[in-house]
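Everything below concerns the one structure shown next.
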Amino acid sequence: MTLLTCLNRDLPNMDRNLRVNILSSNAHNSACPVKLLVIHALRVGAVATTTWKELRANAISRADKTVQWITPENPVIPAIIQNHTAFLDLKKPASTHQAICTMNAMSVKARSVDRLRVHDLRHGSARDIAHLDQSKVYGHASMQVASALGHKMSTFMHDVTEQYVGGSDNATWTLRAESGWIDSRAPRMGNTAFVRRPLQEGELQKYCRSMGWDPSKDSNIQKARIHIKKAQEEEWRALLRNEPAQAPSVSPQPGM
């Protein structure tokens, strides 16, 4: 199954088509972008059916074999409603701040020693692709393509050739997922899970006063809560950086 998506026309970004192939192994289900998007669409009512079986049957019955969104005007990734994190505003696109907060929450759950940022995903993807067999990464503009079209170097450098090519149909998701390459610069994961310390009575008000903020204002109390949470996370990450290495496990040998 291949999913072809288009960015929302109401957004300032340039519309573009993105071809994403489903990952072939069930072992990679949790990281498969197609399955995640389909599950999301079923949950938020972005498709006409309510079950995977019905959705699949509808797609197969269509001549173009595509899954059709019934809400194409909505953003693919909606905004989380502030102070109501269990709910989504399906008409509003997720902000950059939401993506940053989500990445940090994921890094905490994964026990990452360093605070992760959204751009780390690009860094990791670039390193993954750079370490693939490059003969399997094709379909992009190159100087050979530019020469065959009669494009000059300046034309190629201004992405005109890439616009002619229209992007690659060769997705690298499965190649990256199944690659045996291990990134030596990947974020280090610790052994100790983060457990938030319960706030003591009056702690938020005391913090506000120490910062010169008016503790009677709800906005200041909320700001104090965020500051204390960040401080707890930094203390925890300092602990991860200094924790002793775990002893390697030794498998018993036959006869032992």
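The numbered conditions (1) open to solvent by less than 50 Å² (accessible area, probe 1.4 Å); (2) part of a loop (DSSP other than H, G, I, E, B) are all true for Lys65 except (1). Within region 25-58, if we keep just the residues that are aliphatic (A, V, I, L, M) and in contact (Cβ under 8 Å) with a residue 24 or more places away in the chain, the residue that is nearest to Ala86 (Cα to Cα) turns out to be Val44. Could you tell me whether region 92-100 includes any residue that is surrounded by 13 or more Cβ atoms within 10 Å (Cβ to Cβ), of a type in the set (Lys, Arg) and farther than 20 Å from Glu233 by Cα? So far as region 92-100 goes, yes, one or more of its residues are surrounded by 13 or more Cβ atoms within 10 Å (Cβ to Cβ), of a type in the set (Lys, Arg) and farther than 20 Å from Glu233 by Cα. Name the single residue, out of those in region 20-45 being modelled with pLDDT of 90 or more, touching a helix residue (DSSP H, G or I) at 6+ places or on another chain (Cβ under 9 Å) and β-branched (Val, Ile, Thr), that is surrounded by the fewest Cβ atoms within 10 Å (Cβ to Cβ). Per the criteria, the residue is Ile39. Of all the listed residues (Ala79, Ala110, Ala48), the sole one being surrounded by 11 or more Cβ atoms within 10 Å (Cβ to Cβ) and closer than 28 Å to Thr172 by Cβ is Ala110.
For region 133-186, the set of residues classified as among the aromatic types (Phe, Trp, Tyr), open to solvent by less than 80 Å² (accessible area, probe 1.4 Å) and in contact (Cβ under 8 Å) with a residue 24 or more places away in the chain consists of Trp181 only.
Listed by first and then second residue, the pairs linking a residue in region 80-96 that is part of a loop (DSSP other than H, G, I, E, B) to a residue that is of a type in the set (S, T, N, Q) and open to solvent by less than 100 Å² (accessible area, probe 1.4 Å), with Cβ atoms under 9 Å apart and 6 or more places separating them unless they lie on different chains, are Asn83/Gln222; Ala94/Thr102. The set of residues in region 28-87 being in contact with a Pro (Cβ under 9 Å, 6 or more places away or on another chain) and β-branched (Val, Ile, Thr) consists of Val44, Val76, Ile77.
Criterion first (among the hydrophobic types (A, V, I, L, M, F, W, C), over 30 Å from Ala224 (Cα atoms) and surrounded by fewer than 14 Cβ atoms within 10 Å (Cβ to Cβ)) does Met189 satisfy it?
No, not satisfied.
Just checking, does region 231-239 include any residue being loosely packed, with under 12 Cβ neighbours inside 10 Å, closer than 30 Å to Asn26 by Cα and out of contact with any Asp or Glu (no Cβ under 6 Å at 6 or more places or on another chain)? No, region 231-239 contains no residue that is loosely packed, with under 12 Cβ neighbours inside 10 Å, closer than 30 Å to Asn26 by Cα and out of contact with any Asp or Glu (no Cβ under 6 Å at 6 or more places or on another chain). May I ask you to list the residues in region 199-208 that are acidic (Asp, Glu) and assigned to a loop (DSSP other than H, G, I, E, B)? Correct list: Glu201 only.
The values are calculated or read from the model by the stated rules, or taken from the named source; none is laboratory data. From a predicted model like this one, the values you see are computed outputs, not experimental measurements. Don't worry about glycine lacking a Cβ; one is built from the backbone with ideal geometry, like all the others, and counts go over all protein chains shown. We work out accessible area using only protein heavy atoms, side chains counted, and drop any ligands, DNA or RNA first. Shrake-Rupley method; radii C 1.70, N 1.55, O 1.52, S 1.80 Å.
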